[in-house]
């Protein structure tokens, strides 16, 4: 679960979406789990509905090998494809 709002940082957006070395913080974590040596079959990212569009845009811009969910009820599954 990706958490945090960035309020204490005064960032204006959730800290998992802030860029670190050119990519969102959360994406750095997901890339590590997606490394072939770990053999992770699926990664589930759970976000509040109001953050989904931001996450989709960040995925499209920073990780072409990642499939962001389209939305819907319940947890949103996405993973390396």
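The values are calculated or read from the model by the stated rules, or taken from the named source; none is laboratory data. Everything numeric here is computed off the predicted structure, so don't read it as measured data. Note: ideal-geometry Cβ built from the backbone for every residue, glycine included; neighbour counts use all protein chains shown.
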Q.
With the structure loaded, tell me whether residue 78 is at pLDDT below 85 and surrounded by 11 or more Cβ atoms within 10 Å (Cβ to Cβ) or whether it fails that test.
A. yes
Q: For the range 39-63, enumerate the residues that are part of a helix (DSSP H, G or I), within 21 Å of residue 21 (Cβ to Cβ) and touching a helix residue (DSSP H, G or I) at 6+ places or on another chain (Cβ under 8 Å).
A: 54, 55, 58, 59, 62
(Q) Pull out all pairs, ordered by first then second residue, where Cβ-Cβ is under 7 Å, the residues are six or more apart or on different chains, the first lies in the range 45-57 and is over 16 Å from residue 29 (Cβ atoms), and the second is surrounded by 15 or more Cβ atoms within 10 Å (Cβ to Cβ). (A) 52/76; 54/17; 56/68
**Q.** Index of the failed condition, residue 34 passing every other in (1) in contact with a helix residue (DSSP H, G or I) (Cβ under 9 Å, 6 or more places away or on another chain); (2) modelled with pLDDT under 85
**A.** (1)
Q | Pairs, first at negative phi and surrounded by 14 or more Cβ atoms within 10 Å (Cβ to Cβ) in the range 27-41, second at pLDDT below 85 and not in a loop (DSSP other than H, G, I, E, B), C-beta under 6 Å, six or more apart | A | 27/62; 34/80
Q: For residues that are surrounded by 14 or more Cβ atoms within 10 Å (Cβ to Cβ) and in contact (Cβ under 8 Å) with a residue 24 or more places away in the chain, scanning just the range 14-26, find the one that is farthest from residue 61 (Cα to Cα).
A: 14
